[in-house]
1. Consider only pairs whose beta carbons are under 8 Å apart and that are at least six residues apart or on different chains; among these, list those whose first residue lies in segment A:221-235 and is free of Cβ contacts under 8 Å to residues at least 12 places away in the same chain and closer than 18 Å to A:Phe126 by Cα and whose second residue is in a helix (DSSP H, G or I) and of a type in the set (D, E, K, R).
2. Which pairs have Cβ atoms under 7 Å, sit 6 or more apart or on different chains, and link a residue in segment B:20-43 that is modelled with pLDDT under 90 to one that is of a type in the set (Lys, Arg)?
3. Being within 10 Å of chain B (Cβ to nearest Cβ) and touching a residue at least 40 places away in the same chain (Cβ under 8 Å) is the filter here, so list the residues in segment A:248-263 that pass it.
4. Can A:Ala123 be described as at pLDDT 90 or above, under 19 Å from A:Pro182 (Cβ atoms) and over 26 Å from the mean Cα position of the chain (by Cα)?
5. Which members of segment A:272-287 meet the condition of being crowded, with 22+ Cβ neighbours inside 10 Å and out of contact with any strand residue (DSSP E or B) (no Cβ under 6 Å at 6 or more places or on another chain)?
6. For segment A:291-319: of the residues being more than 12 Å from chain B (Cβ to nearest Cβ), free of Cβ contacts under 8 Å to residues at least 40 places away in the same chain and in contact with an Asp or Glu (Cβ under 9 Å, 6 or more places away or on another chain), which is surrounded by the fewest Cβ atoms within 10 Å (Cβ to Cβ)?
7. A:Pro268 fails exactly one of the following numbered conditions: (1) crowded, with 24+ Cβ neighbours inside 10 Å; (2) out of contact with any helix residue (DSSP H, G or I) (no Cβ under 7 Å at 6 or more places or on another chain); (3) within 11 Å of chain B (Cβ to nearest Cβ); (4) not small (Gly, Ala, Ser). What is the number of that condition?
Amino acid sequence: MFQGHSLKTAAGRHVSMTRFGAPMPRRDPPLPLLEVQDLEVAFATDAGPLRAVDGVSFAVDRNRTLGLVGESGCGKSVSALAVLRLIPNPPGRITAGRVLWKERDLLRLPARQLPAIRGAEIAMIFQDPMTSLNPVFTIEQQLGEVLRIRFGQGRRQARARAREMLATVGIADPDRRLQNYPHELSGGMKQRIMIAMALLAEPDLLIADEPTTALDVTIQAQILALIRELQQRTGMAMVLITHDLGVVAGVCDEVAVMYAGRIVEHAPSAAIFENSQHPYTRGLLASIPRKGRRKESRLATIEGVVPSLLEPPPGCRFAERCPRRRELPEADQRRCRQVDPELLPVAGTPNAAACHYPCSGERR
Amino acid sequence: MQPMTEPAAPPPPLLDVRDLRKHYPVRGGLFATQQATVKAVDGVSLRVRPGETLGLVGESGCGKSTLGRTIPRLEDPTAGEVYFAGRNLAEARGRELFALRRQIQIIFQDPYASLNPRMTVGEIVREPLAVHRRGRRADQQRRVAELLELVGLSADVSDRYPHEFSGGQRQRVGIARALTLEPKLIIADEPVSALDVSVQSQVLNLLVELQERLGLTYLFISHDLSVVEYLSDTIAVMYLGKIMEIGPARAVFEAPAHPYTRALIEAIPEPDPRRRVRHAPVRGETPSPINPPSGCVFHTRCPYAVEACRGVVPPLEAVDPARRGQADADDLHRAACIRKDEI
């Protein structure tokens, strides 16, 4: 089974998955900052338990950005919420796995110790800032609360720090904005406030769930540039959850592609875009209308629908829709349908793919 | 010099919008008196030839959806003309308006909100036929089956309810309903924005196929430039109620003349890991439409703005100086920027 942070290269050396950019020989590796192992999350439904996340492992280190990508319902947001134990229970429940954070398992930590980590060591921003900003408090009150809880700062000190951070995230006239209520601000401004709030805590890890999806493209470009700049300055680690492969390419060092509750491919960003190994990743990339594409040539599509997570098929979850499977001999097709593929390295590539017959190259 | 033989005249435009305006009063205060005016659409002119797609792009609040609703008179225009197949929709009344509107149909963004959850898919697609009293019930049902197959659903789904379908399938139902009365013009307002990419590409392919088979004309409204580039023959870029640039899709994308168009194109996140995010192409946010900037409405965010941009409202003029005189040519690439020739 794929171990999250440890992979063998083609040459047989161990490398750290979290240092995809610069593979290094492994000697007594330090633990990555965050390591998620075999995470499973189920939701109770009338039709039985729905396994939204089914055995997901990933890791991320300081200065690095991991992209979790996939289409709606693939489990990317649920995975991120589970890291902070924010899954609403009932109906949801983390049924298995470990979330190792600085050598502790967050899933087994006493609940009273969580607030010291959430919003402090690990901060999270969501797609819709209105769900995270309290409508009855001013921006100053909300930013000040972070500083009071995290650093025990007094009002005057907190105000100065909050004003400084608002300027950093590109908000003009920060003194006036501190006195505003959330409804008085535009969507782009609220998202900047959310980022300011997350960063005021000086987190070691930022989990950003579709942080720019609701924003206009010019504002999205501003927010992404801001996040990158702040990351370079502070060295924080980041998990970016998005459906937008363009955003992933612009920001992430490595990418985990999710499908039906599983990671189906995990690779350095360049290897995902230039030499993806899983047919689902290839299908996703081919269906985006890219610059210069005209209607005279049809877009690629992925026929069919995602299987039900109430009763997932026994073999590969993508097999039913997979164009590559259809080209295989009958016996191989049977294997796709019946044997669940593990996420394993693909020889000759830096990619790991959960596919019996990866697109170029052999599985070892 | 006159050419020896006249080239074949292009077909007259199916849709010819002239200086259209839609202003909304902003009321407030003790007696709800009018405090200000929002110029949601402020002097828009454009033409769409039969069988072609005009892509209307812009960010939130630019007026593109208001324009899409004012053209078929879901909103009454404040001023201007909308010629559809030669007749002025802006002035049509009663029966004439009813008949003209039948030829213009709209596809909406949210396939979850735009279908009545209490009606079966068959009833939803049949309803326009009933409203317009077209044919007998058996004929109508035959037409429904035909339409469902045309959009890639099977005829036997007609007894099912919208909640039984995925987002992409619902959008197909929305498209079938729009096609029921054999319209000439389809106004599609962000029809694929709520869909996942793999489903989005299916719906885009369907729209292209239907256009080829049925000779449809599209006004395609979207914030997504990649989608618009893929579908459109002509592109119009809107900002704060005005058209900033309009022209053949290739010209607008390959040689954008307006700084705003350039910024929009540069801001598209490309699925290419060699293009890392570095800096944002423009600063700041779209100003409030209640109090838009003087002169060129984009000057507050424009990296090329000079003093003159504050004072002069730039006319929408041909980008190619050799063609400046040809006010009426449909293939003209125009931009509303006083510095379009120097930047």
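The values are calculated or read from the model by the stated rules, or taken from the named source; none is laboratory data. Since we're looking at a predicted model, the values are computed, not measured. Cβ: placed from backbone, ideal geometry, glycine included. Neighbour counts: every protein chain shown.
1. A:Ala221/B:Glu266
2. Listed by first residue and then by second, the contacts come to B:Thr33/B:Arg27; B:Gln34/B:Arg27; B:Gln35/B:Arg27.
3. Looking only at segment A:248-263, we keep the residues that are within 10 Å of chain B (Cβ to nearest Cβ), and these are A:248-253, A:255.
Answer for segment A:248-263, where residues must be within 10 Å of chain B (Cβ to nearest Cβ) and touching a residue at least 40 places away in the same chain (Cβ under 8 Å): A:Val248, A:Val251, A:Cys252, A:Asp253, A:Val255.
4. Details: at pLDDT 90 or above: yes; under 19 Å from A:Pro182 (Cβ atoms): yes; over 26 Å from the mean Cα position of the chain (by Cα): no.
No; evaluated as a whole, the condition is false for this residue.
5. Taking segment A:272-287 as the starting set, the residues that turn out to be crowded, with 22+ Cβ neighbours inside 10 Å are A:272, A:276-281, A:283-284.
Those that are crowded, with 22+ Cβ neighbours inside 10 Å and out of contact with any strand residue (DSSP E or B) (no Cβ under 6 Å at 6 or more places or on another chain): A:Ser276, A:Pro279, A:Gly283, A:Leu284.
6. Across segment A:291-319, the extreme among qualifying residues is A:Pro314.
7. Here A:Pro268 clears every test but (1).
Yes/no matrix, rows are residues, columns are (1) of a type in the set (Gly, Ala, Ser); (2) closer than 23 Å to B:Ala249 by Cβ; (3) part of a helix (DSSP H, G or I):
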{"position": "B:Ser60", "(1), (2), (3)": "yes, yes, no"}
{"position": "B:Gln109", "(1), (2), (3)": "no, yes, no"}
{"position": "B:Asn116", "(1), (2), (3)": "no, no, no"}
{"position": "B:Met119", "(1), (2), (3)": "no, no, no"}
{"position": "B:Glu127", "(1), (2), (3)": "no, no, yes"}
{"position": "B:Gly135", "(1), (2), (3)": "yes, no, no"}
{"position": "B:Ala138", "(1), (2), (3)": "yes, no, yes"}
